[in-house]
Structures are given as structure tokens and as C-alpha cells.
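Enquirer: After the C-alpha cells below, expect a handful of questions from me.
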Amino acid sequence: MKTCCLIASFAVGLVGMPASGQHLPESERAVEGPSVPPPLISVPDDVVEAPGWPPPSVTRPATRRYRRGAHIPLGLLLGGGGMLVGGMGGYFLGSSVTGCDNGSSCERETGLTLSVGVGMALGVASGVYLTGQWLGGEGGFGYTLLGAALGAVPSALMLSSDSDDVAVLGGFALLVTPFVGALFGFGLSHSATVRASMSQAVVVPTVGRTRDGSLVTGLAGRF
């Protein structure tokens, strides 16, 4: 009987020992440490956290595609009209400057042929440039005019040569070279403009917050 009582007392003691730890005083429980584990990584206060929403996406404005194949025939058509008008204007201007409008023969006057060549180059460049802009091109008028002038002025100067063969060759070249130079100049400037627009820097505003809740704004970009 005594043995049974001892076994029962020993069992009650074993069961009561874990439960007694739950009733420790507050002073003894504080020694064991906080109930919430500390953060794994400490973050300084001056580090800006990432914004809670993604930055606004930047989209490039849609541009029309340059129809290069249609630019050549339409440029020749409109540029031909500009050549006719510009050539006539250059002839009358050159005649008044060189004094060839008083009835004297100045067919091979250098000043007159140069004025005609400049007028034709200006007319061709205007027609080619306007047509290219209408078809979605981004070429510059200055480069178009430079190309037309490099093609028209040397050919026009050949008209003032004393050799008939050279003058005839210059007349035929004057009908072709201004168009080639204008189209070439417009195409080069168009390609340069497109490459420059693709490599431009993209900057977008960003918003963040610090650990204490204050907002921080800035700019983020691709250069």
C-alpha cells in the first residue's frame, strides 16, 4: 500500500513540474528574454525603401513609318515642279544681276548658269523635303538642300564651258544630279535623327519612403 502511494506521488510531481513553469513571476520571466525574436538583418534609418507601387512606364510616342519606296517617285514628281519654278526664278534673277536682260547673249555666262543652278537646287530640295515629311520621314531641310546643291551647281557650271560637249553633258546632268543629291541628303539626315531619338535618355519620377514614414522623391533614368 505504501508503495502505491509513493508511485502516485511521484507521478503527480512529474506532471506538475512543467505546469509550474507557467506561473513564474514577471521578474523571472523577463530574464529569459523577449518573446518576439529580433529581426534577422538590421536596416539603417537612412536607407530608402522601395516604393510600394511600380514607377510609371515610359512609352515613346508612336511615329509614322517612313515610306522610302514611295518617296522616290513622289519626290521626283514634286521636285521636278520645284526645279522648273526655281530654275525660272534663278534665270530671271541671274539675268538682272549680270545685265543679260538687255537683249545681249549671255547663254554661257558663269553668273547666269550659277544662278540657275542654285534656283534649281532650291526647288528640288523643297519638293523632296516636303514629300519626305508627308511620308513620315524625319530628314532635315539643310541636308537635303546641301545634297541638291552639290548635284546642281557643278552641273550648272558646266553649261558655261566653251566646249559644246561639256555644255551638253552639264545640261543632262542638271536634270539628274540635283534629285540624287537631295534624296541622298534627306535619307542620311533621316537615319541620323532616328538613331539619335533611340539613344535619348529616359527619366521617370520615383517616390519612396523612409523607416520613419517620410516621403522621398527623386528621378530615375536610363542614359
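Enquirer: Phe141 is checked against (1) open to solvent by less than 50 Å² (accessible area, probe 1.4 Å); (2) modelled with pLDDT of 90 or more and fails just one. What number does that condition carry?
Expert: Every listed condition holds for Phe141 apart from (1).
Enquirer: Working carefully through the options Gln200, Gln133, find the one that is at pLDDT below 95, closer than 30 Å to Arg67 by Cβ, open to solvent by 30 Å² or more (accessible area, probe 1.4 Å) and assigned to a loop (DSSP other than H, G, I, E, B).
Expert: On the way: Gln133 fails: assigned to a loop (DSSP other than H, G, I, E, B).
Answer to the check: Gln200.
Enquirer: Any chance segment 88-106 includes a residue that's at pLDDT 90 or above and open to solvent by less than 70 Å² (accessible area, probe 1.4 Å)?
Expert: There is at least one residue in segment 88-106 that is at pLDDT 90 or above and open to solvent by less than 70 Å² (accessible area, probe 1.4 Å).
The values are calculated or read from the model by the stated rules, or taken from the named source; none is laboratory data. The structure displayed is predicted, hence computed values, not measured ones. Counting neighbours? That spans all protein chains shown, and the Cβs are built from the backbone with ideal geometry, glycine included. These accessible areas exclude ligands, DNA and RNA; they are computed on the full protein's heavy atoms, side chains included. Shrake-Rupley method; radii C 1.70, N 1.55, O 1.52, S 1.80 Å.
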